[in-house]
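First up is the structure itself, then whatever we jot down about it.
Each value in this text was obtained by applying a stated rule to the coordinates, not by laboratory testing. Please read these numbers as outputs of a predicted model, since none were measured by experiment. So basically every Cβ, Gly included, is an ideal-geometry build from the backbone, and we count neighbours across all protein chains shown.
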Amino acid sequence: METKELRVNGKRLQGALEEMAKIGATPNGGVQRLALSDEDKRARDLFVKWLRQIDLEVRIDEMGNIFGRRKGTNNDLPPVMSGSHIDSQPKGGRFDGILGVLGALEVLRTLHENKVETKRPMTVVVWTNEEGTRFAPAMQCSGVWAKALDRDWIYDRTDINGLRFEDELMRIGYKGDTPAQRSDVHAYYEYHIEQGPVLERENIKIGVPKGIVCLHWYDIYLAGEANQVGPTPMEGRHDALCAAAEMILKVNELPARMGGNLVATVGEIQNEPNSRNIIPDKVHFTVDIRSWDDALGIKAWDLLKQDFEVIAQKRGCPIRIEETWRVAHSPFDTKLVQNILDVSNDLGYSSLGMVSGAGHDASYMNQIAPTAMIFVPSIGGRSHVEVENTKWEDCEAGTNVLLHCMLRSANE
Ligand SMILES: [Zn+2]
């Protein structure tokens, strides 16, 4: 068979996705597979079993990243790599991350059963803790691998129950021996659902992002004065939750104030003691700012910070701000982006250039290797929720694009 005629097996891909979705399945059709949880371990075990079935060389590094390598005819050449993440949001969807992992596996299964040789080796990868929901920040282990984040800092991150990342990694048996250290990669393709409404609205099969927006994460801690709500007059209160409420609205108003392509969100809040008859004295909330324009994101934060300080002062609630994480916007490799457009065209799929508003491991990979992403439509534009869905035929189409992009890059 000419490799040009090669196609992935859509039914087998669907079967793999459905089997994986049973691990951490939630009652409303989603999955909950938090990083380094028991569910994460079970999903990894299944994935590693599948890698071994097609004779891949499996390596697990000290961050729990999993690599499955298929030999080329010249193994001195840097490999073509593809993958994504196995972990999910709490009550997340069945496609985010795992589609890119099982899509890359389906590519290698297809090459294996058709005995296709490539010049370069090919590697499928699972990056540990992409979501950053249990242990912040996100994209931790591609970050360590790319030398953008410090290993020991990540090891010491704790979840809401005070459990350490490294301890949990060891507990599930995925702290490997290989150092998490970048090596040369010829091309990195990450296949993912769009997680937005554009492709469905425009009736397009394949999204081709020119890059990923910048991501800035902040943590805000406010202190107030607790007291019984009944006898305490309104004047003179130091209500940490009211201070937070004013600040949260400032975050929401920020994009309109800044102009340009910027979004700003507060998605998480902890209020203490969280009792209806006590004035709140401790609040923590998060701020997430994203833009294609890094400088605009920083400028927005500088203005916001000033507002926060004024509000904290006015309400008598001392504020502590942690600038938790920043990743610069990431313009992808133009040649790989063009490969995706060309391959989509060859396969007869409509495609559309766009920008990724979601963060991905591809952001860190882009700092060290030529990188690009392939998107397929999200039904209703919904993601990070249990109803997250993508048509099986679209899953298959995106995987065919991945197959032929990887073949192109692996034979040059
Ligand atoms: Zn993802």
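Of note:
- Restricting the calculation to Cα atoms, the range 232-278 shows an Rg/Rh of 1.12 when the hydrodynamic-style radius is the Kirkwood one.
- Taking the number of Cβ atoms within 10 Å of each Cβ as an exposure proxy, the fewest-first ranking of T128, T3 is T3, T128.
- For the range 210-218, putting each phi into the Karplus relation 6.51 cos²θ - 1.76 cosθ + 1.60 with θ = phi - 60° gives couplings of 7, x, 10, 5, 6, 10, 10, 10, 10 Hz, in residue order, rounded to whole numbers and with x for Gly and Pro.
- About the Cα centre, charge dipole magnitude for the chain (Lys/Arg +1, Asp/Glu -1 at Cβ), debye: 560 debye
- Counting neighbouring Cβ atoms within 10 Å and putting the fewest first, the residues L296, L13 line up as L296, L13.
- Cα-based helix-to-principal-axis angle, 38-53 vs the chain, degrees rounded to 10: 10 degrees
- Phi angles across the range 149-165 convert, under the Karplus curve 6.51 cos²θ - 1.76 cosθ + 1.60 with θ = phi - 60°, into 3J(HN,Hα) values of 10, 8, 4, 6, 5, 5, 3, 8, 5, 10, 8, 5, 9, x, 6, 7, 3 Hz, Gly and Pro given as x.
- Links that overshoot a 22 Å alpha carbon limit, given the list K115/K210; K49/K175; K11/K205: K115/K210
- As a proxy for reagent exposure, T110, T26 were ordered by neighbouring Cβ count within 10 angstrom, fewest first; the result is T26, T110.
- Taking G83, G29, G259 in turn, the Gaussian network model of the chain (Cα-Cα springs below 10 Å) assigns the largest fluctuation to G259.
- D_trans [Stokes-Einstein, Kirkwood Rh over alpha-carbon pairs] for the range 317-375, 20 °C, 1.002 mPa s, µm² s⁻¹: 156 µm²/s
- Annotation: the antiparallel percentage among DSSP beta bridges lying fully within the chain is about 70.
- Computed Rg/Rh of the chain, alpha carbon atoms with Kirkwood Rh: 1.01
- Restricting the range 232-312 to GluC sites (Glu not before Pro) in coil, as DSSP defines it, with at most 10 other Cβ within 10 Å: E235
- Residue pairs exceeding 25 angstrom between C-alpha atoms, taken from K91/K282; K41/K71; K282/K305; K41/K335: K91/K282; K41/K71; K41/K335.
- Cα centroids of the range 279-357 and the range 18-94: 27 Å apart.
- From its DSSP helices (H runs of at least four residues, each -39,500 (n - 2.57)), the chain gives a residue-normalised ellipticity at 222 nm of -11000 deg cm²/dmol.
- Dipole magnitude (debye, nearest 20) for the range 84-128, charges at Cβ of Lys, Arg, Asp, Glu: 60 debye
- Prolate/oblate/rounded label for the range 341-391 (Cα gyration tensor, a/c 1.5): oblate
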